[in-house]
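In what follows, a structure is listed as structure tokens, so that the remarks can point back to it.
Each value in this text was obtained by applying a stated rule to the coordinates, not by laboratory testing. On a predicted model such as this, the values are computed, not experimentally measured, just so you know. Don't worry about glycine lacking a Cβ; one is built from the backbone with ideal geometry, like all the others, and counts go over all protein chains shown.
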Amino acid sequence: MKSITNKIIIVGLLLLTTNVTFSQTKELELSNAEKFSTKSGLLIQKEYLEIGSIKGVNIKVVHFTDLINNKKRSALKFEYESIGKYASTTKTAILDPDEIDVLIRSITIIQNKIFPKSALNYTEVSFKSRGGFEAGCFLSKDSWSTYLKLEKHDKDSYVFLEKEDFPTLLKQLEVAKSKL
């Protein structure tokens with residue numbers, strides 16, 4: 001009986017350790033704007049500006065204001081409703097202003113330098129934000145496939161785009177950047 005009790009305690013400790021590690025990892029994957037907006041002891045106002053959408057992904061600028069001491073942060077928000085077999089869930093990604101310039105530059109490089117080339121081997125190219133958002137492309141059957149991934153640890157948060165969608169995405173990012 002003592003052996004079974006010890007095994008249960010060990011399994012419990014392993015689960016607790018895994019849970020704590022996952023929580024700490026999740027915390028590290030927040031954008032600076034998300035960290036600001038989720039601090040306790042603040043009265044946060046969120047104002048959403050609609051920018052546009054692409055393949056069902058809504059793009060918004062969010063202005064966060066702490067109404068107690070008037071501190072402000074802004075961010076870019078991607079939002080997508082993933083419809084599953086039994087339920088739908090909303091997938092989101094928040095990018096800080098300093099990440100938007102890098103995303104714009106990355107998409108421009110993909111369009112101008114990656115798409116014109118063909119690769120001999122399977123190839124992936126991706127931009128990743130500190131919050132887990134990903135945008136990129138991969139070579140599949142001699143053509144480039146493009147995608148957005150809104151949440152790092154969620155396979156249901158992929159949205160597949162066409163190469164032709166990248167110019168529209170770039171325009172929307174430029175508009176969003178001007179409203180931050």
>> Rounded to whole Å, give me the distance from the Cα center of segment 102-118 to that of segment 135-180.
In response: 11 Å
> For segment 70-131, what class follows from the C-alpha gyration tensor (a ≥ b ≥ c being the square roots of its eigenvalues): rounded when a/c is under 1.5, otherwise prolate if a/b is larger than b/c, else oblate?
Replying inline: oblate
> Full extension from Leu30 to His63: what is 0.36 nm times the residue separation minus their Cα-Cα distance, to one decimal in nm?
Replying inline: 10.2 nm
> Each label point is 7 Å from the Cα along the Cα-to-Cβ direction; what then is the distance between the points at Tyr48 and Phe115, in nm?
Replying inline: 2.9 nm
> Counting only residues 5 or more places away or on other chains, whose amide H sits under 5 Å from the amide H of Gly52 once H atoms are built in the peptide plane?
Replying inline: Ile59
>> Using a Förster radius of 22 Å, what is the FRET efficiency between Ile83 and Thr168 based on their Cβ-Cβ separation? Nearest 0.05, please.
In response: 0.45
